[in-house]
Amino acid sequence: MKLIYLVLDGASDGLIEKTALKAAYKPGLDSIAPKSLCGLMYTIGKGIAPESDSAVLSILGYDPHKYYTGRGPLEALGAGMRIREGYEVAFRANFATVDPQTMRIIDRRCGRDLRSEEAKELAEALDGMDLGTYDGYVRVKATIGHRAVVIIGSRSLNLSGNVSNTDPAYVKKGLISVAAKSYEMKVSKCEPLDDTPEASRTARLTNIFTRKAIQILDEHPLNLRREREGRLKANAVLLRDSGDRLPRVEPIGTKFNRSFSAIVEMPVEKGIARLLEMRVAEAPPPTGVRAKDYAIRLEATLRLLKENDVVYVHLKGPDEPGHDGDFQGKVKALEDIDKYLVIPLLGRIDLDSTAILVTSDHSTPWTLRTHSDAPVPVLLYVPGVKGDGFNKFCEENCAKGSLGLIEHGWLLLPKVFEVMKEKR
């Protein structure tokens, strides 16, 4: 039996009355809801509001407390970059808008309108920067929109990923970075999180980079043009989720004795898929034209399903309007996924031999505009297994489902494969 594993990034709003999953008109997903088992899941654990990277690692079967080494190296791998372990530290980065004098953050994502080609030009202005101490240098690569990877390195001295974020929206708890419940809109100083010289060097180099980047970007011709056009400058780089090595993991195919493939949209998910040795379908980044974007992902899913046991499909759609507090935008994102991907997919697969798993990597409640620790809904359709009978896939119904509460994301796939095994 094959499995399609669909992850709707940030789709869950938690157990509140008004949720996008409740409001969305999604006849595709809701048509399989009555025939599916339902439940809730903490993607890492109760009380943890995770970022996508650690959450995705978890829901693919790997306890991040054991394996996670920071988002930066995974983001770098997804962007086609490798770090020199011991001498380089990778960060996930956002181009942002700040007041250069006060370091006050005006917008963490510079208005969400930074085009990828603009980000590439700004990254090139920073790439190769000499940091003037500790033989330090910087590598910068733009990825999608306002997102980038920054690698802080030293040609001769060891560095450490055990340093804090300069992005105040996320706080490191050990190696795992979690969304801050409240924070000051100001660029944070990078601090060493242990008393080693490696962490001290890395923090100092990171702070030098932050200041130099603002000096270069604030007067960059592209930003001056953006300012003339009434757009926010992308004049700062916020760093988070440092790591100095990739996780050491068993390939997912070996772990579950199944062949895995993936269709993902963001560099970090691509990095995780590569790390786990999944077959990764190459698809262009989202264009914002969802009918076109999802048609491409639909065809990739169908191709991969012919040759692999499991196809993991991760769609960013609902997460961004959740961060923006845009309820109707989040509803529309879910409706478009259903219309352009789920409904045609259901019409083209054999539902007598294909299981379907649908969930989220985390909750991004539109009421909070950030990730929360609320459990996410889980829907599992397995041919021949009697479903729970709910007529809609949403948080409230899943809270009553027979799968119950799954306390950790890494327990999900073993449970799913057990149900599938019983119905072979």
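The values are calculated or read from the model by the stated rules, or taken from the named source; none is laboratory data. Remember, predicted model here, so these are calculated numbers, not experimental data. Cβ sites come from the backbone with ideal geometry, for glycine too, and all protein chains shown count toward neighbours.
For the stretch 294-318, how many residues meet the condition of being at pLDDT below 95 and out of contact with any strand residue (DSSP E or B) (no Cβ under 8 Å at 6 or more places or on another chain)?
1
For the condition modelled with pLDDT under 95, within 22 Å of H362 (Cβ to Cβ), outside the structural domain of G288 (by TED's automatic domain parsing) and not aromatic (F, W, Y), what is the one hit in R112, R82? Write out each step before concluding.
Working: R82 fails: within 22 Å of H362 (Cβ to Cβ).
Being modelled with pLDDT under 95, within 22 Å of H362 (Cβ to Cβ), outside the structural domain of G288 (by TED's automatic domain parsing) and not aromatic (F, W, Y) holds for just one of R112, R82, which is R112.
Need a quick list: strands (runs of 3 or more DSSP E) entirely within the stretch 81-197 having at least 2 residues that are in contact with a Lys or Arg (Cβ under 6 Å, 6 or more places away or on another chain) and buried (at least 20 other Cβ atoms within 10 Å of the Cβ).
Numbers: elements: 88-98, 105-107, 136-142, 147-154, 170-173, 176-179.
Those strands (runs of 3 or more DSSP E) span 88-98, 147-154.
Out of contact with any helix residue (DSSP H, G or I) (no Cβ under 9 Å at 6 or more places or on another chain), farther than 26 Å from T364 by Cα and free of Cβ contacts under 8 Å to residues at least 24 places away in the same chain - does that describe any residue in the stretch 178-188?
So far as the stretch 178-188 goes, no, none of its residues is out of contact with any helix residue (DSSP H, G or I) (no Cβ under 9 Å at 6 or more places or on another chain), farther than 26 Å from T364 by Cα and free of Cβ contacts under 8 Å to residues at least 24 places away in the same chain.
Pairs needed: first member in the stretch 124-138, assigned by TED's automatic domain parsing to the domain that holds T210; second member anywhere, among the charged types (D, E, K, R) and in a strand (DSSP E or B); C-beta distance under 7 Å; at least 6 residues apart or different chains.
Taking only residues 6 or more apart or on different chains, the pairs are D127/R139; Y137/D130.
Here is a list: A273, A283. Which entry is within 26 Å of G61 (Cα to Cα), outside the structural domain of G111 (by TED's automatic domain parsing) and in a helix (DSSP H, G or I)? Spell out how you get there, then give the answer.
Numbers: A283 fails: in a helix (DSSP H, G or I).
Going through A273, A283 in turn, just one is within 26 Å of G61 (Cα to Cα), outside the structural domain of G111 (by TED's automatic domain parsing) and in a helix (DSSP H, G or I): A273.
Is there a residue in the stretch 327-347 that is on the phi < 0 side of the Ramachandran plot, touching a strand residue (DSSP E or B) at 6+ places or on another chain (Cβ under 9 Å), in a loop (DSSP other than H, G, I, E, B) and touching a residue at least 12 places away in the same chain (Cβ under 8 Å)? Before the answer, list the steps.
Looking only at the stretch 327-347, we keep the residues that are on the phi < 0 side of the Ramachandran plot, and these are 327-347.
Those left that are additionally touching a strand residue (DSSP E or B) at 6+ places or on another chain (Cβ under 9 Å): 330, 333-334, 337, 341-342, 345-346.
The next check asks that each one be in a loop (DSSP other than H, G, I, E, B); those that pass are none.
Scanning the stretch 327-347, I find no residue that is on the phi < 0 side of the Ramachandran plot, touching a strand residue (DSSP E or B) at 6+ places or on another chain (Cβ under 9 Å), in a loop (DSSP other than H, G, I, E, B) and touching a residue at least 12 places away in the same chain (Cβ under 8 Å), so the answer is no.
Here is a yes/no grid of residues against (1) of a type outside the set (K, R); (2) farther than 30 Å from A374 by Cα; (3) at pLDDT 95 or above:
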{"position": "Y183", "(1), (2), (3)": "yes, no, no"}
{"position": "D195", "(1), (2), (3)": "yes, yes, yes"}
{"position": "A199", "(1), (2), (3)": "yes, yes, yes"}
{"position": "A213", "(1), (2), (3)": "yes, yes, yes"}
{"position": "R240", "(1), (2), (3)": "no, no, yes"}
{"position": "V249", "(1), (2), (3)": "yes, no, yes"}
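Pick from E88, E121, E117: which is in contact with a Gly (Cβ under 7 Å, 6 or more places away or on another chain) and not assigned by TED's automatic domain parsing to the domain that holds V280?
On the way: E121 fails: in contact with a Gly (Cβ under 7 Å, 6 or more places away or on another chain); E117 fails: in contact with a Gly (Cβ under 7 Å, 6 or more places away or on another chain).
When all the criteria are applied, what remains is E88.
Among the numbered criteria (1) outside any helix (DSSP H, G or I); (2) without any contact (Cβ under 8 Å) to a residue 12 or more places away in the chain, which one does D361 miss?
Among (1) outside any helix (DSSP H, G or I); (2) without any contact (Cβ under 8 Å) to a residue 12 or more places away in the chain, D361 violates only (2).
Looking at the stretch 391-424, which of the residues that are surrounded by fewer than 19 Cβ atoms within 10 Å (Cβ to Cβ) and closer than 19 Å to G28 by Cα is farthest from the chain's Cα centre (by Cα)?
N391
So L222 passes all but one of these: (1) of a type in the set (A, V, I, L, M); (2) in a strand (DSSP E or B); (3) surrounded by fewer than 20 Cβ atoms within 10 Å (Cβ to Cβ); (4) touching a residue at least 60 places away in the same chain (Cβ under 8 Å). Which condition number does it fail?
So L222 meets the others, but not (2).
Kindly check whether there is at least one residue in the stretch 257-268 that is out of contact with any Ser or Thr (no Cβ under 8 Å at 6 or more places or on another chain), surrounded by fewer than 23 Cβ atoms within 10 Å (Cβ to Cβ), of a type outside the set (F, W, Y) and at pLDDT below 95.
Within the stretch 257-268, one or more residues are out of contact with any Ser or Thr (no Cβ under 8 Å at 6 or more places or on another chain), surrounded by fewer than 23 Cβ atoms within 10 Å (Cβ to Cβ), of a type outside the set (F, W, Y) and at pLDDT below 95.
Are any of the residues in the stretch 249-264 under 20 Å from A90 (Cβ atoms) and over 17 Å from the mean Cα position of the chain (by Cα)?
We begin by selecting, within the stretch 249-264, every residue under 20 Å from A90 (Cβ atoms); these are 249, 264.
Of the ones still in play, those that are also over 17 Å from the mean Cα position of the chain (by Cα) are 249.
Yes, some residue in the stretch 249-264 is under 20 Å from A90 (Cβ atoms) and over 17 Å from the mean Cα position of the chain (by Cα).
Residues of the stretch 198-207 being closer than 20 Å to K186 by Cα and either hydroxyl-bearing (S, T, Y) or surrounded by fewer than 20 Cβ atoms within 10 Å (Cβ to Cβ) (or both), which ones?
Here is the first cut: in the stretch 198-207, the ones closer than 20 Å to K186 by Cα are 203-207.
Listed by number, the residues that qualify are R204, T206, N207.
Of the conditions (1) closer than 24 Å to D319 by Cα; (2) in a loop (DSSP other than H, G, I, E, B), G384 fails just one. Which one is it?
Every condition holds for G384 apart from (1).
Within the group L6, L29, L37, which residue is in the same structural domain as D388 (by TED's automatic domain parsing), farther than 21 Å from H314 by Cβ and touching a residue at least 12 places away in the same chain (Cβ under 8 Å)?
Numbers: L6 fails: farther than 21 Å from H314 by Cβ; L29 fails: farther than 21 Å from H314 by Cβ.
Just one listed residue meets the conditions, L37.
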